[in-house]
Amino acid sequence: MTGGPNVTEPPEVLRVEHIAKRFGAVEALSDVSLYLKKGEVLGLIGDNGAGKSTLIKIICGFHQPDAGKIIVNGEEVTLKSVDHARSLGIDTVYQDLALVNELTVYHNMFLNREVVRWPLLNNRAMRKRARQYLDDMGVRIQSVEAEVAKLSGGQRQAIAVARSVYSDAKILLLDEPLAAMGAKEGALILDLVRDLKDRGEVSIIIIAHNYAQVLEVCDRVNLLQHGGITYDKRRAETSVAELTDLVVAEYRAHRTKGG
Amino acid sequence: MSETIENQVAAAGGPRQPGGVGRNLIVRTAFDAFMRRREATILLVAIGLIIYFQSARSEFLSHDNLVNLSQSTAPFAIVAVGQVLLLVSGEIDLSAGATFTLAPFMVHYLIDFYGVFPIPAIVLSVLVGCLIGFGNGFVTVVLKVPSFVTTLGMLFLVGGIVLTTSHAFPAQIPEAAQGTIQRWFGLAEWSEIIWCLLIVAFFHVVLTRTRWGLHTIAVGGNLLGAREAGIKTTRIKIGNFMITGGLAAFAGILEAFRTQTIDPSLSGADFASVMFTAVAAAVIGGTALAGGSGTVIGALLGAFVLAELRNGFNLIGISANPFNIILGLAILGSMILNVYLANLRRAGRT
Ligand SMILES: Nc1ncnc2c1ncn2[C@@H]1O[C@H](COP(=O)(O)OP(=O)(O)OP(=O)(O)O)[C@@H](O)[C@H]1O
Ligand SMILES: [Mg+2]
């Protein structure tokens, strides 16, 4: 895809339709539909417990939806596992990071896609590449041989982000990748997202509670509420104030109803 | 990580020259690096005990006694290797001692009642051990019964099968297996320990250098995270149960061939003792019960220390009963030390 003004719309890489998911008595998602175009960054916002992480985990093959369709690159798929989604180019930074404290930084960065010189692990290659990715990203971590348990929250998050960003994924799902980041590291991750966007190859869904940060990088914002997408606008058509109003207005309405 | 223990012992072997600050620093760093290894404590204990018992009784390191020591290390160490893998992946197998007892009976039944050749009979019996492990794994992982409970049930089930089918009578080693095969699989002086060392070396590599080992640690360290990363956690856990069952069966066959009798009484009070000795060896060797970390070499050293204690006290003339007191204290002491050292490691002077 070349730069400059495009006459043709970029194709859709992902579309989910009427997704529903419940956990026992809790209906996490009732009817979610959204789409993602190639090279696009979609901001997904919503209250705590709105179901954002659940939606992400359905798209990445971790949860299976109770109902609905998932269409990847124009083809309907039934995602059987995380590996399956990954083979379609979908990779995830989970909200809980999915790091193993007992393992080193580089083993975590290559968890379940280890470099292997059969039958052994190629630790040297993984160490070198992990070092290089972190340097490229500008993340400061003393040693890739350190156990992850010893790192700070922000460093851990950086490792989780690096692991997905450098995985050659075509669709990246970032579930609150900025939550534990200091101002500088947060900017660093946002820069990374912007870089990826400029290259136009990767499409991203990013969840964050800081609307200013969301608007800084995304092309479009979706609001997840009451188990479905209730709001879908381009960045130019919205603002931090409007997004805040949307969410808070709902909260106020609830309160007056309850009180 | 690539240095061997021996290198590090040599490196940490004390200040040869009082030397300058630089040398002291190197020695201290090497010593720190050594002490950070999980096997360090248990290795020092093992060496200390050798020195102590050898100075108390000069026959401690005699050929005959070394054979003794090796034979009372090997079977427990082999069972302990399986326990390490399981403990690292966050599970435990209490039924290993029953499988240990059943396997030589399986060999006996297969050869004497079904006319199977000895080597296939041994292989089949080990596979039966794996099958028991599969049962443990399936009930634990798929039916979600804690492994402590699953394998406790399996212990009585398999122990009961041994007692029922053997009518609680010991059996002879099948004639077809006597001679060369029996010597290879346990009877020859060093046979058990050679098998043991091969198994320890193999699974040390598996645990520290392969995807299987890495995923075993991941599953025990962060089960949800491992699943999120797409690791097939069910397969890893059930696989480790099967490895443990197979190893317990094999150790049981070696031990029966060495003692020249197939003993169902091991399935009585003693089946617990095989398993508990193995778990104790794993734990005092530096494997955490909480999952996520452990060492196969540590388990071997743990089994060796327990053998040293039993054998050494025997030589000195302390009977088996106070031995249990000492064993209990050793387990408690090493657990406390482990927790303490783990904290030190975590505080990390890296
Ligand atoms: N594995 C699960 N089992 C049971 N309930 C779950 C599970 N995962 C999520 N839920 C429930 O589903 C609902 C949506 O949770 P989810 O984690 O998707 O919210 P979220 O939008 O990501 O919230 P946050 O902003 O706090 O991360 C919540 O009510 C939660 O309790
Ligand atoms: Mg969430």
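Kirkwood analysis of the range B:97-179, using all unique Cα-Cα pairs, places the hydrodynamic radius at 13.6 Å.
Geometric descriptor of chain A, per residue, is 159 Å³ (volume of the convex hull of the Cα atoms). Across chain B, the relative contact order, built from alpha-carbon pairs under 8 Å that are at least six residues apart, equals 31 percent. Sequentially through the range B:156-172, phi angles give Karplus couplings (6.51, -1.76, 1.60; θ = phi - 60°) of 6, 4, 5, x, x, 4, 4, 5, 5, 6, 9, 6, 6, 9, x, 10, 7 Hz, Gly and Pro residues having no value and appearing as x. One decimal place: the segment B:Val67-B:Phe202 gains 46.3 nm when fully extended, by the rule 0.36 nm per residue minus the C-alpha distance. Take every pair of alpha-carbon atoms less than 8 Å apart whose residues are at least six positions apart; their mean separation over the length of the range B:199-308 yields a relative contact order of 29 percent. Based on the Cβ-Cβ distance from B:Leu44 to A:Asp31, what FRET efficiency comes out when R0 is 60 Å, to the nearest 0.05? Working from the Cβ atoms, E equals 0.40. Taking amide H as placed 1.01 Å from N in the peptide plane, the amide H of B:Thr295 sits under 5 Å from that of B:Thr287, each at least 5 places away or on another chain. For the range A:128-197, the alpha-carbon radius of gyration amounts to 1.04 times the rule-of-thumb value 2.2 N^0.38 Å expected for a compact globular protein. Can you give the FRET efficiency for B:Val123 and B:Leu143, using 1/(1 + (r/R0)^6), R0 = 25 Å, r = Cβ-Cβ distance, to the nearest 0.05? Step by step, r from the Cβ atoms, then E = 0.30. With θ taken as phi - 60° and the Karplus curve 6.51 cos²θ - 1.76 cosθ + 1.60 applied, the whole-hertz 3J(HN,Hα) list for the range A:65-73 is x, 6, 8, x, 10, 10, 10, 10, 6 Hz, x standing for glycine and proline. Would you compute the Debye intensity of the range B:64-315 from its alpha-carbon atoms alone, equal scatterers and no solvent, and pass along log10 I(q)/I(0) at q = 0.09 Å⁻¹ to two decimals? Computed log10 I(q)/I(0) values: -0.36.
Protein heavy-atom accessible surface, 1.4 Å probe, per residue over the protein assembly as shown: 46 Å².
Counting only protein heavy atoms, what percent of the accessible surface of chain B is carbon or sulfur at a 1.4 Å probe? It is 69 percent, rounded to a whole number.
Amide H contacts under 5 Å for A:Val116: A:Asn122, restricted to partners 5 or more places along the chain or on a different chain, H placed in the peptide plane at 1.01 Å from N.
Between the alpha-carbon centres of the range B:38-92 and the range A:190-227 there is a gap of 57 Å. The phi-based Karplus calculation (6.51 cos²θ - 1.76 cosθ + 1.60; θ = phi - 60°) puts the 3J(HN,Hα) values of the range B:134-139 at 4, x, 4, x, 4, 5 Hz, whole numbers, x for Gly and Pro. Once the protein assembly as shown is represented by equal point scatterers at the alpha-carbon sites, with solvent omitted, what log10 I(q)/I(0) does the Debye formula produce at q = 0.06, 0.07, 0.12 Å⁻¹? Cα-only, vacuum Debye calculation for the protein assembly as shown: -0.42, -0.56, -1.16. Using every pair of separate Cα atoms, the Kirkwood estimate puts the hydrodynamic radius of the range A:89-212 at 14.7 angstrom.
Rolling a 1.4 Å probe over the protein heavy atoms of chain A, with every protein chain left in place, gives an accessible area that is 50 percent carbon and sulfur. Principal axis analysis of the Cα atoms in the range A:1-126 yields extents of 49, 45, 26 Å, listed in decreasing size. Computed from protein heavy atoms with a 1.4 Å probe, the total accessible area buried between B and A is close to 2100 Å². Most tightly packed first, judged by the mean number of other beta-carbon atoms within 10 Å of their residues, the peptides B:99-105, A:237-243, A:216-222 read B:99-105, A:216-222, A:237-243. The slack between A:Arg199 and A:Gln132, meaning 0.36 nm per residue of separation minus the straight C-alpha distance, is 22.1 nm.
Note on A:114-120: average number of Cβ atoms from other chains within 10 Å of each residue's Cβ is 3.
Using just its DSSP H runs of length 4 or more, each adding -39500 (n - 2.57), the protein assembly as shown gives a mean residue ellipticity at 222 nm of -18500 deg cm²/dmol after division by all residues. Hey, in the GNM for chain B with a 10 angstrom Cα cutoff, which one of B:Ser319, B:Ser293, B:Ser265 fluctuates hardest? Answer for the Gaussian network model of chain B: B:Ser319. Counts of other chain beta carbons within 10 angstrom of each beta carbon in peptide B:222-235 average 6.
Considering only A:Lys197, A:Lys52, A:Lys184, give the residue with the highest GNM mean-square fluctuation for chain A, with springs between Cα atoms whenever their separation is below 10 Å. Comparing A:Lys197, A:Lys52, A:Lys184 in a Gaussian network model of chain A, the most mobile one is A:Lys184. Here the Gaussian network model covers chain B, with springs between Cα atoms less than 10 Å apart; of B:Gly312, B:Gly294, B:Gly333, B:Gly333 fluctuates the most. Extension gain, A:Glu237 to A:Thr78: 0.36 nm times the residue separation minus the Cα-Cα distance gives 53.8 nm.
The values are calculated or read from the model by the stated rules, or taken from the named source; none is laboratory data. Since this is a predicted model, take the numbers as computed values, not measurements. FYI the Cβ positions are ideal-geometry reconstructions off the backbone, even for glycines, and counts take in every protein chain you see. Only protein heavy atoms, including side chains, enter the accessible area calculation; ligands, DNA and RNA are left aside. Shrake-Rupley method; radii C 1.70, N 1.55, O 1.52, S 1.80 Å.
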